[in-house]
Every structure is written in structure tokens, then in C-alpha cells.
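Read the figures in this text as sums done on the coordinates, not as results from a lab. What you see is a predicted model; the values in this text were computed from it and never measured. With ideal geometry, Cβ positions are generated from the backbone for all residues, glycine too; neighbour counts draw on all protein chains shown.
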Amino acid sequence: LAKTTQPISMDSYEGQEVNITCSHNNIATNDYITWYQQFPSQGPRFIIQGYKTKVTNEVASLFIPADRKSSTLSLPRVSLSDTAVYYCLVVRGSNYQLIWGAGTKLIIKP
Amino acid sequence: GAVVSQHPSWVICKSGTSVKIECRSLDFQATTMFWYRQFPKQSLMLMATSNEGSKATYEQGVEKDKFLINHASLTLSTLTVTSAHPEDSSFYICSARGGLAGAYEQYFGPGTRLTVT
């Protein structure tokens, strides 16, 4: 049974780099990994997507090792406004099935 | 680009009545739309997936006769909560996939807060 697992919560401080790791041991060859950010009472917002190695955009980086059984979302120099829930999602390439993680509540302290 | 809207943003209804929530992709054609439910401080829960012109596929445990989904066009999907009860009170969020958003990305609406009294 495909499953996506991530830590329930994490704390960090302003200015630090935060890494949130997601485990997806049963990932298949054509599956993609996506991360979303959600603030309370809002719809999730797309952060980044990747297939392998490293992807970087203006807000985050995504590191995916060669075996692709995990992925790490890296947020550089976080601020208080990065306090949110971060979701890891594996999208099945064969049928576009969605395998969501339960979300990681990230709290940034001053 | 890739903007998804929902209407209404919040709604209060009496127990036993039906409520319709609209989800629109504003600047792209959504071949697939998803409906989620989220209870306070809980994770997203996928309710159903709908492809334009086809019947929705419901997740296990979601009553298809209670949560009616219509995806009649490439830019509009509706979720109707029929005979709503207080336990249906939740945050309902839609998302859409397609067009320039690509096959693997989905873009979310702002959500609809439903309160059943």
C-alpha cells in the first residue's frame, strides 16, 4: 500500500534553514513529488515539484535522492510568515492517483 | 496564472437543507477537479475526483448520494451537500489540474466554510 509519511510538527527560528523530509518508500518509476503550503482557513498553495535530484525555485528547494524513497523540502532563511502546514504529495504517473502525507505543522519562532 | 475560485467563501444553512459550492478555474481549462474536506486542525481529506463530462470517482467512505459532484465544463465543477447535518460542517476545498498547470500540478481554491445549524 503506497503511503507518504512526514513529521507531524517541527519548530525553528527566524533566519534558519528548515528541512522537512517526507518518506515515500513505495514510489513508482513515473511518480512525481509535490509540496504544498497551507495557512489556516486557506486553500493549499503549490510550492515546488520534482522527479529526481534537486529542484530550486524562488521560495524553496527540493532534494530527491537517487532511490527516490524520500524527499526533502528546504526553506532557506525562514521568517515568521512561513509558519504553516506543509504537505507532501506523491502523484502516481500511471493513473494520477494522489497520495497525500498528513502534513507537517511548522512553527517559526522569533 | 492558474487561479481557482470558489463560491461562496462561507455559508450557514439549516439542518436538512442542501448547499451548492462552485469551483471555477479562471484562466485555464481544468480537465480534472478534486474536492477535499478539512476538519479543524486536521489534514486534507480527498473526497472525490472528477473529470470533465464524466461521473466523479469517490474515495472510500464518501457517500456519493450525499455529496453530488458535477463537472459539466472545463472551468466549472460543483459540489452539492444534500440534506446537510451538523456533522457536515467543515472546510471544503476544490482544486483543479490541467492546461499549463500540467498533468501533475493542481491549484487550489480558497475554500468554503460550511456551517450547518
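Only one of A:R45, A:R77, A:R68, A:R92 is touching a residue at least 24 places away in the same chain (Cβ under 8 Å), within 17 Å of B:A96 (Cα to Cα) and of a type in the set (K, R); which? Steps first, please.
Values: A:R45 fails: touching a residue at least 24 places away in the same chain (Cβ under 8 Å); A:R77 fails: within 17 Å of B:A96 (Cα to Cα); A:R68 fails: within 17 Å of B:A96 (Cα to Cα).
Result: A:R92 is the single residue among A:R45, A:R77, A:R68, A:R92 that is touching a residue at least 24 places away in the same chain (Cβ under 8 Å), within 17 Å of B:A96 (Cα to Cα) and of a type in the set (K, R).
Condition (residue is under 29 Å from A:K105 (Cα atoms) and touching a residue at least 12 places away in the same chain (Cβ under 8 Å)) applied to the stretch B:53-62: is it met by at least one residue? So that I can check it myself, show each step before the final result.
Residues of the stretch B:53-62 under 29 Å from A:K105 (Cα atoms): B:58-62.
After this cut, where a residue has to be touching a residue at least 12 places away in the same chain (Cβ under 8 Å) as well, the list is B:59, B:62.
Scanning the stretch B:53-62 turns up at least one residue that is under 29 Å from A:K105 (Cα atoms) and touching a residue at least 12 places away in the same chain (Cβ under 8 Å).
Filter the stretch B:1-33 down to residues that are in contact with a helix residue (DSSP H, G or I) (Cβ under 7 Å, 6 or more places away or on another chain) and surrounded by fewer than 14 Cβ atoms within 10 Å (Cβ to Cβ) and give me whichever is farthest from B:C94 (Cα to Cα).
Residue satisfying both the conditions and the ranking: B:S15.
If we scan the stretch B:35-51, do we find a residue that is in contact with a Gly (Cβ under 7 Å, 6 or more places away or on another chain), assigned to a strand (DSSP E or B) and either charged (D, E, K, R) or within 13 Å of chain A (Cβ to nearest Cβ) (or both)?
Filtering the stretch B:35-51 for residues in contact with a Gly (Cβ under 7 Å, 6 or more places away or on another chain) gives B:43.
Pick out the ones that are also assigned to a strand (DSSP E or B) and you get none.
No, the stretch B:35-51 contains no residue that is in contact with a Gly (Cβ under 7 Å, 6 or more places away or on another chain), assigned to a strand (DSSP E or B) and either charged (D, E, K, R) or within 13 Å of chain A (Cβ to nearest Cβ) (or both).
For A:Q37, are the conditions met, namely being among the polar types (S, T, N, Q) and not in a strand (DSSP E or B)? Reasoning before the result, please.
Numbers: among the polar types (S, T, N, Q): yes; not in a strand (DSSP E or B): no.
When the stated conditions are applied, A:Q37 does not pass them.
Just to check your reading of the model, which residue among B:R113, B:R97 is over 26 Å from A:I33 (Cβ atoms) and at the interface with chain A (Cβ under 9 Å from one of its Cβ atoms)?
Values: B:R97 fails: over 26 Å from A:I33 (Cβ atoms).
None of the others qualify; the one that does is B:R113.
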